[in-house]
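Novice: Shown below is the structure under consideration.
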Amino acid sequence: MDQEIAQLREETDTWRERALSTDHDDTKFEKEAAVTELGAYLRACRARVSAEQVGLPTSGHRRVPGLRREELASLAGVSVDYIVRLEQGRAKSASPAILTALARALELRPDEEEYLLRCAAEAGVTGAAKSAAPRNQQVSRAAQVLLDSMVNVPALVLGRRMDVLAWNSLGAALLTDYSRLPAKRRNHIWLTFLDPGVRGLYADWERVAQECVAYLRMDASRYPDDPELARLVGELSVKDPDFRRWWSDHQVRSQRHGRKEFVHPVAGELSLDFQVLDVRGSTDQSLLVYTAEPHSPSAQALTFLAGWAATELPTRATETAGPPRRPGTVPSAEEAGDNQAPGG
């Protein structure tokens, strides 16, 4: 337990230092974070797999849960010393074949294996090119027109770090009126943890929040040196103990589909399926769409909410910096000013 607490403190301090420092060496932080994450992720994956689960005999007392290094080495066909060097950031190289063998031995899902490969690439042990620094994100006019035409389903366009880049009227009615928020606060995971109104929408908040953390960590592997990501993780780690604990679990997941249960102050209880689709032609942007089973009580509740949104949302005051704007409209650079959202 003491070892786990020390590891959590070390990682949280790293993200907090990256978030708060104004004169640090980005290259040094990038390297340290990548090496730390590769080793931490391998250790976390080992801890989640039991010897019985992979068909190995068990004997003697185990001080920590999961596979021992020698067991993982045997399953993957590598030396124990190599596992130690990988986890400590001392390995100079790791071929895709070795990483695939480790993923197979740890019984990783495809998205978890993808995360492992990204961590290895960012740590510089695979020889693969590292991700380029992220650029500001903008939603195309075509994507906004598509959102506005989706009048019967809530929909959002999410960017890196789960930033909310655009939305339609029903999306705002279901979750929150994003036009009333400062641009820097239009972040799905920040709102899920730190906005009481959004947090209270989910009937099973804990499950939803844990999934959000796994989605964010998966996203973090693409651009681990992103300063806005460091600030987001640092702030959430400081302000919410649940986020801090779940972030240290190193769970990752690709955001694709699922179901969420809502308790909405206007529409009542809703059970909605969600799909996440890539926005072609726009890097790191995805379309999040919620749907209800046809003719179900949830479908009736969505219809009611759409009618409410059509009459109530347009009359609400929007951001104070500038004239009222239709929900979902992306502000110009002049309007955004200092409130420009991180990364877009």
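Novice: Within segment 137-152, can you find the residues that are surrounded by fewer than 18 Cβ atoms within 10 Å (Cβ to Cβ) and not acidic (Asp, Glu)?
Specialist: Within segment 137-152, Gln138, Ser140, Arg141, Ala142, Val145, Leu146, Ser149, Met150, Val151, Asn152 meet the criteria.
Novice: Ala214 fails exactly one of the following numbered conditions: (1) within 26 Å of Met150 (Cβ to Cβ); (2) of a type in the set (Gly, Ala, Ser); (3) assigned to a helix (DSSP H, G or I). What is the number of that condition?
Specialist: Against the list (1) within 26 Å of Met150 (Cβ to Cβ); (2) of a type in the set (Gly, Ala, Ser); (3) assigned to a helix (DSSP H, G or I), Ala214 comes up short only on (1).
Novice: Now for a separate question. When you go through Val80, Val49, Val64, Val35 one by one, which is the residue that is touching a helix residue (DSSP H, G or I) at 6+ places or on another chain (Cβ under 6 Å) and either within 21 Å of Met218 (Cβ to Cβ) or modelled with pLDDT under 85 (or both)?
Specialist: Unique residue meeting the criteria: Val35.
Novice: Return the pairs, sorted by first residue and then second, in which the second residue is in a strand (DSSP E or B) and modelled with pLDDT under 90, the first residue lies in segment 271-285 and is more than 30 Å from Ser296 (Cα to Cα), the beta carbons are less than 9 Å apart, and the residues are 6+ apart or on different chains.
Specialist: Gln285/Asp278
Novice: Let me ask something additional. Pairs only if they're at least six apart or on different chains, beta carbon under 7 angstrom, first in segment 289-309 and on the phi < 0 side of the Ramachandran plot and open to solvent by 60 Å² or more (accessible area, probe 1.4 Å), second at pLDDT 95 or above and in a loop (DSSP other than H, G, I, E, B); list them, first residue then second.
Specialist: Pairs that qualify, where the first residue is on the phi < 0 side of the Ramachandran plot and open to solvent by 60 Å² or more (accessible area, probe 1.4 Å) and the partner is at pLDDT 95 or above and in a loop (DSSP other than H, G, I, E, B), are Phe304/Ala267.
Novice: Which members of segment 89-130 meet the condition of being assigned to a loop (DSSP other than H, G, I, E, B), at pLDDT below 85 and either within 15 Å of Ser79 (Cα to Cα) or not small (Gly, Ala, Ser) (or both)?
Specialist: Within segment 89-130, Arg90, Ala91, Lys92, Ser93, Ala94, Ser95, Val125, Thr126, Lys130 qualify.
Novice: Kindly indicate the residue of segment 167-179 that is in contact with a Lys or Arg (Cβ under 7 Å, 6 or more places away or on another chain) and not acidic (Asp, Glu) and also farthest from Pro241 (Cα to Cα) among those meeting that condition.
Specialist: Going through the qualifying residues, I end up with Ser179.
Novice: Only one of Glu293, Glu269, Glu312, Glu261 is at pLDDT below 90, charged (D, E, K, R) and farther than 23 Å from Ser140 by Cα; which?
Specialist: Glu312 is the lone residue from the list that is at pLDDT below 90, charged (D, E, K, R) and farther than 23 Å from Ser140 by Cα.
Novice: Which residues, taken from segment 61-106, are acidic (Asp, Glu) and open to solvent by 60 Å² or more (accessible area, probe 1.4 Å)?
Specialist: Passing the criteria: Glu70, Asp81.
Novice: Return yes when Asp225 is modelled with pLDDT under 95, of a type in the set (D, E, K, R) and not in a helix (DSSP H, G or I) and no when it is not.
Specialist: So Asp225 fits the description; yes.
Novice: Is there any pair linking a residue in segment 249-265 that is without any contact (Cβ under 8 Å) to a residue 40 or more places away in the chain to one that is open to solvent by 80 Å² or more (accessible area, probe 1.4 Å) and not hydroxyl-bearing (Ser, Thr, Tyr), with Cβ under 7 Å and at least six apart or on different chains, and which?
Specialist: Hits for this filter: His257/Gln275.
Novice: Does segment 238-274 hold any residues that are surrounded by 15 or more Cβ atoms within 10 Å (Cβ to Cβ) and either in contact with a His (Cβ under 7 Å, 6 or more places away or on another chain) or within 23 Å of Leu147 (Cα to Cα) (or both), and which are they?
Specialist: Within segment 238-274, Ser254, Gln255, Lys260, Glu261, Phe262, His264, Ala267, Leu270, Ser271, Leu272, Phe274 qualify.
The values are calculated or read from the model by the stated rules, or taken from the named source; none is laboratory data. Being a predicted model, the structure only gives us computed values, none of them experimental. Positions of Cβ are backbone-derived with ideal geometry, glycine not excepted, and every protein chain shown enters the neighbour counts. Surface accessibility is based on the protein's heavy atoms, side chains included, excluding ligands, DNA and RNA. Shrake-Rupley method; radii C 1.70, N 1.55, O 1.52, S 1.80 Å.
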